[in-house]
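Working notes, structure below.
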């Protein structure tokens, strides 16, 4: 089933949630004070080249605050924009299945009791941090709430994964997908456009690869340069070409046309905190980005999945 509208020719997560829950649903980003095997020495101590010290959780709660305070603080900010709705507790920063099982249980179970309007739980993690005990617990969770596990993939190309210091390859991703879906757990995959030395055709190959797997959603990010990251250091020493707004809109529209029409689109760009962003500055204008994608799809008279059908 798809949730296309006249304005949005792809499956927006907003429309999906409205159909599923009957009301606006938004995520409350929490910080469970997890670390990452790419930071604590299990894989490396450098982390992914683009990661900030907050581990992609720049908009999450304060890791030193208890969950109820984090939830309350973020909810107040959200309610400046949306007065009513239901919520998904979102563990966003670092690797949220990288820790003792009892820690995971304490945090995830607590998060579901923070507010009666919480209808689900979203957990961001790495494909190589899902052992059988954790997978079995997640399966139990999924029977009690609307659960989504977000997997960072970023790219399918080995040269890129090595350059960004990802610390795992496609096998780990494929294993994680298989084990999660075996347990009927929803998967959202993160990919990044504009990674150094990747061609447009390589970015499209990453999107096509996703169709080979039973995933339920995708987040498409634009690579941005954020202060105090290894990527910023590299960029200052060895500047490389970043995608322009027009280039990003074109490649992302191409990807949407290639993606299976049933996949839910959870994000179509990414942004750093304004005072932390170095380049590209256009990533701050998220509404402009999505509007330009909408305009290009209308101009082409295309929709999500139309390119996949042409290839079959």
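The values are calculated or read from the model by the stated rules, or taken from the named source; none is laboratory data. Being a predicted model, the structure only gives us computed values, none of them experimental. Cβ: placed from backbone, ideal geometry, glycine included. Neighbour counts: every protein chain shown.
For residue 169, the conditions (1) at pLDDT 95 or above; (2) surrounded by fewer than 17 Cβ atoms within 10 Å (Cβ to Cβ); (3) in contact with a helix residue (DSSP H, G or I) (Cβ under 7 Å, 6 or more places away or on another chain) all hold with the exception of (1). In this entry, residue 190 is excluded by the filter for residues that are surrounded by fewer than 21 Cβ atoms within 10 Å (Cβ to Cβ), part of a loop (DSSP other than H, G, I, E, B) and modelled with pLDDT of 95 or more.
Would you say residue 178 is closer than 24 Å to residue 267 by Cα, surrounded by fewer than 16 Cβ atoms within 10 Å (Cβ to Cβ) and modelled with pLDDT of 95 or more? In short, yes.
Taken residue by residue, region 291-312 has no member that is modelled with pLDDT of 95 or more and in a strand (DSSP E or B). Cβ-Cβ contacts under 6 Å between residues 6 or more apart (or on different chains), taken from a first residue in region 116-135 that is under 20 Å from residue 38 (Cβ atoms) to a second residue that is in a helix (DSSP H, G or I), are listed as 127/172; 127/173; 127/176; 128/172; 130/176. Tallying residues that are free of Cβ contacts under 8 Å to residues at least 60 places away in the same chain and either in contact with a helix residue (DSSP H, G or I) (Cβ under 6 Å, 6 or more places away or on another chain) or farther than 18 Å from residue 26 by Cα (or both) within region 63-96 yields 5. Among the criteria (1) surrounded by fewer than 20 Cβ atoms within 10 Å (Cβ to Cβ); (2) modelled with pLDDT of 85 or more; (3) in contact with a helix residue (DSSP H, G or I) (Cβ under 9 Å, 6 or more places away or on another chain); (4) outside any strand (DSSP E or B), the one residue 26 does not fulfil is (4).
Being without any contact (Cβ under 8 Å) to a residue 40 or more places away in the chain and in a helix (DSSP H, G or I) is a description that applies to residue 287. Scanning region 48-69 for residues that are at pLDDT 80 or above and assigned to a loop (DSSP other than H, G, I, E, B) gives 48, 49, 50, 51, 62, 63, 64, 65, 66. When residue 32 is tested against (1) over 24 Å from residue 168 (Cα atoms); (2) in contact with a strand residue (DSSP E or B) (Cβ under 6 Å, 6 or more places away or on another chain), just one condition goes unmet, and that condition is (1).
Which residue is modelled with the lowest pLDDT, if the candidates are limited to region 268-284 and must be under 20 Å from residue 190 (Cα atoms) and in a loop (DSSP other than H, G, I, E, B)? Taking the candidates together, the pick is 271.
Could you say which residue among 202, 198 is at negative phi, surrounded by fewer than 19 Cβ atoms within 10 Å (Cβ to Cβ) and touching a helix residue (DSSP H, G or I) at 6+ places or on another chain (Cβ under 9 Å)? Quick ask: steps written out before the conclusion?
Details: 198 fails: surrounded by fewer than 19 Cβ atoms within 10 Å (Cβ to Cβ).
Of the residues listed, the single one that is at negative phi, surrounded by fewer than 19 Cβ atoms within 10 Å (Cβ to Cβ) and touching a helix residue (DSSP H, G or I) at 6+ places or on another chain (Cβ under 9 Å) is 202.
Only residues that are closer than 25 Å to residue 39 by Cα and assigned to a loop (DSSP other than H, G, I, E, B) were counted in region 153-187, giving 9. Residue 282 passes every criterion in (1) touching a residue at least 40 places away in the same chain (Cβ under 8 Å); (2) touching a helix residue (DSSP H, G or I) at 6+ places or on another chain (Cβ under 9 Å); (3) under 22 Å from residue 196 (Cα atoms) apart from (1).
Just need a number here: residues in region 100-115 that are in a loop (DSSP other than H, G, I, E, B) and touching a residue at least 40 places away in the same chain (Cβ under 8 Å). Even if it seems obvious, please write down each step before you answer.
Restricting attention to region 100-115, the residues satisfying the condition of being in a loop (DSSP other than H, G, I, E, B) are 100, 112-115.
Those still in the list that are touching a residue at least 40 places away in the same chain (Cβ under 8 Å) too: 114-115.
Residues that pass the stated criteria total 2.
Residues being over 18 Å from the mean Cα position of the chain (by Cα), outside any helix (DSSP H, G or I) and in contact (Cβ under 8 Å) with a residue 24 or more places away in the chain: count how many of those fall in region 211-256. Final tally of qualifying residues: 7.
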